[in-house]
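The values are calculated or read from the model by the stated rules, or taken from the named source; none is laboratory data. Given the structure is predicted, the values throughout are model-derived calculations rather than measurements. Every residue, glycine among them, receives a Cβ derived from its backbone with ideal geometry; neighbour counts consider all protein chains shown. Calculation scope for accessible area: heavy atoms of the full protein, side chains included, ligands and nucleic acids excluded. Shrake-Rupley method; radii C 1.70, N 1.55, O 1.52, S 1.80 Å.
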There are 2 protein chains.
Amino acid sequence: MTAAPELSTRSDRAAQIVAVARRILDDEGVEALTMRRVAEAIGVRAPSLYKHFATKRALEAALIEEGMVEMGQVLHDAVSSSPRGGAVRSLLEAYRRAATSRPALYRLATAGPLPREDLPPGLEAWAGEPFIRVTGDPGRAQALFSLAHGLVILELDQRFPPGSDLGRTWEAGAAAFAT
Amino acid sequence: MTAAPELSTRSDRAAQIVAVARRILDDEGVEALTMRRVAEAIGVRAPSLYKHFATKRALEAALIEEGMVEMGQVLHDAVSSSPRGGAVRSLLEAYRRAATSRPALYRLATAGPLPREDLPPGLEAWAGEPFIRVTGDPGRAQALFSLAHGLVILELDQRFPPGSDLGRTWEAGAAAFAT
DNA sequence: TTGGCTGGCTAACGATGTTAGCTATAATGG
DNA sequence: CCATTATAGCTAACATCGTTAGCCAGCCAA
């Protein structure tokens, strides 16, 4: 219910860099996201990017911020419009769809430690709110988030044995947390 | 209950390389695991390693195999010796302890796609068996595994907000899946 | 006019995985 | 017992990566 936090403001050039990086990430995958590749797509040389982002990690943080905003919005919408008693399922469905439709960004945003110092304060909490709304309890919220993330990341990485019925797997997860 | 599958056999040198790589991984973290670092610790030059492992990924696969065997053994033991009705909790506790005591190996073994072609057949299924024993259903087993993995990886990556009571989070997860 | 800021550039560094090509030693077969 | 072949090391090098140093052109304010 809380309003989305203030997002970072960027110069035109910086915004363009982020947009181009995002397109490369979505279209060509995470291994294509190199400073030289981003620079080339803009029509500039790699070292020039460092006039706008101190490090590749900082550029990634901008992408992570974008990903968290989109994901948070999707999840807030999902729980707001969920049918009576079906909030957990709506949340999990929305989570799965949002993550698998931008797999590289999801991975970038969730693998490894969060660069919290490069993210707007409050963003993390805001994006996680839907889990609290749906469970009513911080411990249960974090457990449900862990389940959702585990399901998504294992699905993206094809860690389930080939031929697994992932629909049943997600359903079993939802059933465990349904009220 | 199934017996552990046959493991890979290696020459003395290959086994030594894996052992050294494992020590570096455990003691110095994943970013220290480079071909040159491993070679140096053995007293050899990096290109010589390629006489024993075709690629770094193949060496990592050997480490992943080791990790899956250790983890599988721990989980099998945990469900075998679990008190009546407490199998889910025993399994989750064992999973958490085994993963967090070798964080770099756990990450290596679970981040990104499995190099299935470099792993002994049956190992993956054997390591996952305890989840089926405890849930009685493949869908629920995969969901419980997803929860365990999500909890562990988010904990290792410090993705939970600082100050979180992870004990409560794990307990909430166990409660959702307890029979 | 001058001085500094902005944002490009080239050249280069060090690290990484990996390959090519050479060589010494060990094993094997006639 | 010698000849050959496989094993396992070596050096040199390559391409790619993030990143830094140092230079310079243009613009804007004092």
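Conditions (1) within 14 Å of chain A (Cβ to nearest Cβ); (2) without any contact (Cβ under 8 Å) to a residue 12 or more places away in the chain; (3) within 16 Å of DNA strand C (Cβ to nearest atom), marked per residue:
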position	(1), (2), (3)
B:E6	no, no, no
B:D12	no, yes, yes
B:K56	no, no, yes
B:E70	no, no, no
B:S90	no, no, no
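Could you look through the stretch A:72-98, keep only residues that are of a type in the set (K, R) and surrounded by fewer than 16 Cβ atoms within 10 Å (Cβ to Cβ), and pick out the one that is farthest from A:E6 (Cα to Cα)?
From the stretch A:72-98, those of a type in the set (K, R) are A:84, A:89, A:96-97; that's our starting set.
If we keep only those that are surrounded by fewer than 16 Cβ atoms within 10 Å (Cβ to Cβ) too, we end up with A:84, A:97.
On the way: A:R84: 31, A:R97: 25 Å.
If we take residues in the stretch A:72-98 being of a type in the set (K, R) and surrounded by fewer than 16 Cβ atoms within 10 Å (Cβ to Cβ), then A:R84 is farthest from A:E6 (Cα to Cα).
Total residues in the stretch B:26-52 satisfying the condition of being over 19 Å from the mean Cα position of the chain (by Cα) and near DNA strand C (Cβ under 7 Å from one of its atoms): the figure is 7. Evaluation of B:P113 against the conditions (1) at pLDDT 95 or above; (2) open to solvent by 60 Å² or more (accessible area, probe 1.4 Å) shows that the sole unmet condition is (1).
Applying a threshold of 6 Å to beta carbon distances and a minimum spacing of six or more residues, or different chains, the list of pairs starting in the stretch B:26-41 at a residue that is not assigned by TED's automatic domain parsing to the domain that holds B:I64 and ending at one that is part of a loop (DSSP other than H, G, I, E, B) and within 12 Å of DNA strand D (Cβ to nearest atom) reads B:A39/B:R45.
Scanning the stretch B:130-179 for residues that are more than 7 Å from every other protein chain (Cβ to nearest Cβ), open to solvent by 40 Å² or more (accessible area, probe 1.4 Å) and touching a Leu at 6+ places or on another chain (Cβ under 9 Å) returns B:R133, B:F145, B:E155. Given the conditions (1) more than 16 Å from DNA strand D (Cβ to nearest atom); (2) open to solvent by less than 30 Å² (accessible area, probe 1.4 Å); (3) within 14 Å of chain B (Cβ to nearest Cβ), which single one is not true for A:A104? Single failed check for A:A104: (1).
The condition (being closer than 22 Å to A:L144 by Cβ and among the small types (G, A, S)) is satisfied by just one residue among A:A62, A:A104, A:A94: A:A94. Restricting the search to helices (runs of 4 or more DSSP H) fully inside the stretch A:4-103 and requiring at least 1 residues that are of a type in the set (D, E) and in contact with a helix residue (DSSP H, G or I) (Cβ under 9 Å, 6 or more places away or on another chain) gives A:12-28, A:35-42, A:56-80, A:87-101. Restricting the first member to the stretch B:114-128 and to residues that are among the aromatic types (F, W, Y), and the second to residues that are in a helix (DSSP H, G or I), the beta-carbon pairs closer than 7 Å and six or more apart or on different chains are B:W126/B:G72. Screening the candidates B:L75, B:L63 for the property of being under 24 Å from B:I17 (Cβ atoms), away from DNA strand D (no atom under 16 Å from the Cβ), under 13 Å from the mean Cα position of the chain (by Cα) and not assigned by TED's automatic domain parsing to the domain that holds B:D27 yields one hit, B:L63.
Could you list all residues from the stretch B:1-10 that are of a type in the set (S, T, N, Q) and over 16 Å from B:D118 (Cα atoms)?
Taking the stretch B:1-10 as the starting set, the residues that turn out to be of a type in the set (S, T, N, Q) are B:2, B:8-9.
Result: B:T2, single match.
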